[in-house]
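For reference, the structure discussed in these notes is given below.
The values are calculated or read from the model by the stated rules, or taken from the named source; none is laboratory data. Please read these numbers as outputs of a predicted model, since none were measured by experiment. Virtual Cβ from ideal backbone geometry, glycine too; neighbours counted across all protein chains shown. Only protein heavy atoms, including side chains, enter the accessible area calculation; ligands, DNA and RNA are left aside. Shrake-Rupley method; radii C 1.70, N 1.55, O 1.52, S 1.80 Å.
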Amino acid sequence: MKWWALIGMGLMAAVAFVDYVMVSTILTSIQSHLMATYTQLQWIINIYVLTLAVFMITMGRLGDLFGNRTLLMLGMIAFGISSFFCGLAPDPQWLIVTRGCQGLAAAIIFPCSISIINQLFASHHKGKAIGVWNAIATTGFAFGPGIAGLIVKYMGWRAIFFMNIPFTLIALIICVFTIEESCDQKQRVPMDWWGFFFMTTGTSCLITGIIQSVHWGWTAPGTLILFVVALITLVL
């Protein structure tokens, strides 16, 4: 059963990876249909990475507190729902927000999957299991662009998001029946909420400053303020 669990988690991670790669290749179609600006197109891509990077550490900690299985299921459901609303996007702003929700869901899926693998497999099998998971998850980087081109040509760019839903359901069903919750409620350590606040603020400012420096300039007041806030909060 643990190998089936590994396949289910790998499939879900692959969907999250493939989605990022595919969206990067269909920006021209999105621009022509939603009349998106160059900056909006950048944020359609970058908001996914931003929310993923900012919340991954925290979501891993929440998985330790409330159960990695529970949080993983919530992440899968959230990814499927946000993908559906991405496909319905009537304007660029809608798509940016829903892409951010996708990134947040991915930030739940990745650390919880690794934690579950560590719990399911003995120490001498962990390396192999993580290697298999990583191989499945990163398959999308190789095949994503080609698949995206075919989908856009015959079904339109919205299908890129809608196709996430059936694969998410398959992964969710596999994981529901093959993963057991292993959270020890007696040994729960309270959440460091100040650490969460400083980490989230600092990481958000740092990544946003790097992204926006392309438009604002590295020495622009807005960029410098973001970097200063990032430095202070990350040290704290």
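When you check residue 179 against the structure, is it under 30 Å from residue 10 (Cα atoms) and open to solvent by less than 30 Å² (accessible area, probe 1.4 Å), yes or no? Yes; evaluated as a whole, the condition is true for this residue.
Can you confirm whether segment 116-137 contains a residue that is under 23 Å from the mean Cα position of the chain (by Cα) and under 30 Å from residue 227 (Cα atoms)? Scanning segment 116-137, I find no residue that is under 23 Å from the mean Cα position of the chain (by Cα) and under 30 Å from residue 227 (Cα atoms), so the answer is no. None of 85, 141, 121 is open to solvent by 20 Å² or more (accessible area, probe 1.4 Å), touching a residue at least 12 places away in the same chain (Cβ under 8 Å) and under 26 Å from residue 5 (Cα atoms) except 141. Quick one: which helices (runs of 4 or more DSSP H) sit completely within segment 1-111 and have at least 2 residues that are touching an Asp or Glu at 6+ places or on another chain (Cβ under 9 Å)? Correct list: 38-66, 68-87.
Read through the list (1) closer than 24 Å to residue 29 by Cα; (2) surrounded by fewer than 20 Cβ atoms within 10 Å (Cβ to Cβ), then give the number of the only condition that residue 160 fails. Here residue 160 meets the rest and fails (2). For beta carbons closer than 6 Å, sequence separation of 6+ or different chains, a first residue in segment 215-232 that is open to solvent by less than 50 Å² (accessible area, probe 1.4 Å) and at pLDDT 90 or above and a second that is part of a helix (DSSP H, G or I) and aliphatic (A, V, I, L, M), the qualifying pairs are 230/206.
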